[in-house]
Amino acid sequence: MARETIVKGPNYVHPEKPSAVGSRNSLNRHNRDEYQEAKGVIDEEVDKILNHIHAKLPPEVLEKLDIMGSMKSKLHNYFNQDFQNMLNRYLVTMEDEMSKKVRDLVDKEENRTLNRYTAREITEILDRIGGTGTFNTGEIEKSLVNMYSHLQGHVERGMSELETSTNALLREKSDVGAFVRGQNSYAIVKCSFKDNLRRPKTVMDVKLSIGILDSELVSRIYHYQVPVKAIIKDIVAKNIHELIDSEIEEVNHQILDEGREEMTDSERIFEKLRIMDKYISDDDSSDSKRYQFVAKKFLDAVEGIQAEIDSKDYDALNIRENIKKIIDKENIRNRGFNTAVNAITSILDTSKMGYQYIENFKNARDCLIREYEEEDVTRLPDERYAIRLTYYDQAQLNSLRKAYTAQIEELNREVMHLWNVCDGLYVIDRNEKGFDDWDTLSERMLNPKAKRGFFGAKKEPEQEADDYDKSWNEISFIPAKETVVEKENPTDESRLEEIGARFPVMLKKLEDIYQDVKDERRRVLEARIDFLKEQYEEFANKINPYHVQPGLLLDIDIVSIKKKKTTMMNMANVINEFLFSVSKGFSDAAFVSLSRTRSTERADIDQEFISVVE
């Protein structure tokens, strides 16, 4: 009896047995013929199409076209097989789902009744009678789960690609929204579209940087040299906050059960601050509350231990070595970054985005992936990408910010050096040729060398309006005075814009000085301008580290053909799936904290059937 119940259970899969999972037949169909039913539906659809053709085509065409012969048979064959399979599967599924649910409900009630009179559950009795070898279906169930999960993953990926392509068609242009959907758009640090310098008409360059904060990571990332003591404290702190959140939920449920409104956001914060006193303390003694989860002697023992212990000092029976072994065995130090690397590589593999070069700096928490190993852009195809996945802490960001500021200073110094050279050559050429520009004309008209007054007396030059220190350099507008926030987080956008605006002015001066394009001096100056402009464009395309917070940074460089955009569209699916894998995302606490919808507790929306007496 037990074996028969298991064979006919809801997990039984067979293509022909009635009411089995995946079956073409149903116990509820009795003597009905599903093929005849499907044939009736198909005949009706074919007749509708033929009638439509009869109504639309003129009579002279219908005489030459055999509508009721070959056309009907072709339509019949076109609809027949696929539609019959779809209809049969749909009917069997709809009819069997209800019976399976009823059977599951009956089985649960029977088991619940039997458990009242037996000391063990039915499954435990079966295991004791037959053993794990007879009734063990775990491996088959795991295989089926894997099959369905892979199928679901492929379907979801296909739907995601279809959605991205549809949105791109509806936009009729390429923009930032093609990469990251609305719920993750806040993670974008920088995204820019620009024409390729070598092929501006057909190829575009895309720069995309996405930042994921430490608090949003599913698995926390630690640097290689983070001390063991800091890791243990982070684990204990996470456990404490989970306990506090569980107590808050219990208090909130009690308030709701009493008929009162649940706590607001501010009330939750104050309640957390009150409960926090139960778990932590500033007291550093061994009896302090902070050491109720991990003893003080354990934390003192691992003081200063990092990822490696010198072999001379290693003792397998010491407390610190065993605590470090527990952390290493659980992969707490490496789990976060390894999860991110596995996620991005597996998604690239399954999304038809192959890569020929990968370099994983594990200790540096840096992973570089390129579609091609070659880095010379003049020899690479126009469809390519490069990904850099890096984890930054606050110390690294401070170092990057200092280097960023120093690089701007050096770039500005070199450009100003070139500017002074071009300006000096321009002044020499102007004086030699004797032509006037604005500077010479204004100097001659407003400040002549000798002005005589009446009776031949020498007149002193008048004070002119431009005898003051100029604040506007006529290259860029005067920026506003920096506030405290801007001083701590400088963008330097005004300085970069001024540097970039000087290049066309210098080229214009060279055109005015040298009429011969092949002049030696002109070629030297133009080569220097092209070099500095290329370096400026490359630097301006980088991420400003002042705008990056500690966490995981995904930096992507894409080169794509404007008409195809194949790499760009495929990368959009990769990015969205990667964010879903490694990030919890941003969520408003005001919505997450709602354990019950308040609108269901309102008294003014109650709906009842009442009798109306006329």
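The values are calculated or read from the model by the stated rules, or taken from the named source; none is laboratory data. Keep in mind that what you see is a predicted model, and the values were worked out from it rather than measured. Every residue, glycine as well, gets a Cβ built from its backbone with ideal geometry; the counts of neighbours run over all protein chains shown.
For the stretch 359-392, enumerate the residues that are in contact (Cβ under 8 Å) with a residue 40 or more places away in the chain and not in a loop (DSSP other than H, G, I, E, B). Listed by number, the residues that qualify are 384, 385, 386, 387, 388, 389, 390, 391, 392.
Going through 244, 275, 280 one at a time, which residue ends up being modelled with pLDDT of 85 or more and in contact with a helix residue (DSSP H, G or I) (Cβ under 7 Å, 6 or more places away or on another chain)?
Working: 275 fails: modelled with pLDDT of 85 or more; 280 fails: modelled with pLDDT of 85 or more.
So the residue among 244, 275, 280 that is modelled with pLDDT of 85 or more and in contact with a helix residue (DSSP H, G or I) (Cβ under 7 Å, 6 or more places away or on another chain) is 244.
One residue stands out among those in the stretch 490-534 that are assigned to a loop (DSSP other than H, G, I, E, B) and in contact (Cβ under 8 Å) with a residue 24 or more places away in the chain: the one that is surrounded by the most Cβ atoms within 10 Å (Cβ to Cβ), which is 490. The condition (being of a type in the set (Val, Ile, Thr), over 23 Å from residue 220 (Cα atoms) and surrounded by fewer than 15 Cβ atoms within 10 Å (Cβ to Cβ)) is satisfied by just one residue among 326, 319: 319. The one condition from (1) over 30 Å from residue 571 (Cβ atoms); (2) touching a Lys or Arg at 6+ places or on another chain (Cβ under 7 Å) that residue 321 does not meet is (2). Annotation note: of 224, 186, the sole residue that is under 30 Å from residue 335 (Cα atoms) and modelled with pLDDT under 80 is 224. Selection of first residues in the stretch 186-203 that are free of Cβ contacts under 8 Å to residues at least 24 places away in the same chain and within 25 Å of residue 389 (Cα to Cα) and of second residues that are outside any loop (DSSP other than H, G, I, E, B) and charged (D, E, K, R), restricted to Cβ pairs under 7 Å at least 6 apart or on distinct chains, gives the following pairs, ordered by first then second residue: 191/207; 194/205.
State whether the residues of the stretch 218-230 include one that is touching a residue at least 12 places away in the same chain (Cβ under 8 Å), within 29 Å of residue 537 (Cα to Cα) and touching a strand residue (DSSP E or B) at 6+ places or on another chain (Cβ under 9 Å). For the stretch 218-230, residues touching a residue at least 12 places away in the same chain (Cβ under 8 Å), within 29 Å of residue 537 (Cα to Cα) and touching a strand residue (DSSP E or B) at 6+ places or on another chain (Cβ under 9 Å): absent. Taking residue 513 as meeting all but one of (1) at pLDDT 90 or above; (2) over 41 Å from the mean Cα position of the chain (by Cα), write down the number of the exception. Only one criterion is unmet by residue 513, namely (1).
Evaluate the following for residue 311: is it more than 24 Å from residue 217 (Cβ to Cβ), hydroxyl-bearing (Ser, Thr, Tyr) and at pLDDT below 80? The answer is yes for residue 311. Tallying residues that are crowded, with 18+ Cβ neighbours inside 10 Å and of a type in the set (Phe, Trp, Tyr) within the stretch 207-235 yields 1. Tell me, yes or no, whether the stretch 476-489 has at least one residue that is in a loop (DSSP other than H, G, I, E, B), exposed (fewer than 13 other Cβ atoms within 10 Å of the Cβ) and touching a residue at least 40 places away in the same chain (Cβ under 8 Å). The answer is yes, given that some residue of the stretch 476-489 is in a loop (DSSP other than H, G, I, E, B), exposed (fewer than 13 other Cβ atoms within 10 Å of the Cβ) and touching a residue at least 40 places away in the same chain (Cβ under 8 Å). When residues in the stretch 236-260 are screened for being surrounded by 15 or more Cβ atoms within 10 Å (Cβ to Cβ) and closer than 30 Å to residue 395 by Cβ, 3 of them pass. For the stretch 257-350, the helices (runs of 4 or more DSSP H) that sit wholly inside it and include 1 or more residues that are among the β-branched types (Val, Ile, Thr) and out of contact with any Asp or Glu (no Cβ under 8 Å at 6 or more places or on another chain) are 265-276, 319-329, 335-350. Considering 574, 559, the condition of being buried (at least 17 other Cβ atoms within 10 Å of the Cβ) and touching a Pro at 6+ places or on another chain (Cβ under 9 Å) is satisfied by 559 alone.
Mind listing whichever residues of the stretch 418-446 are charged (D, E, K, R) and not in a helix (DSSP H, G or I)?
Taking the stretch 418-446 and keeping what is charged (D, E, K, R), we get 423, 429-430, 432-433, 436-437, 439, 443-444.
Listed by number, the residues that qualify are 436, 437.
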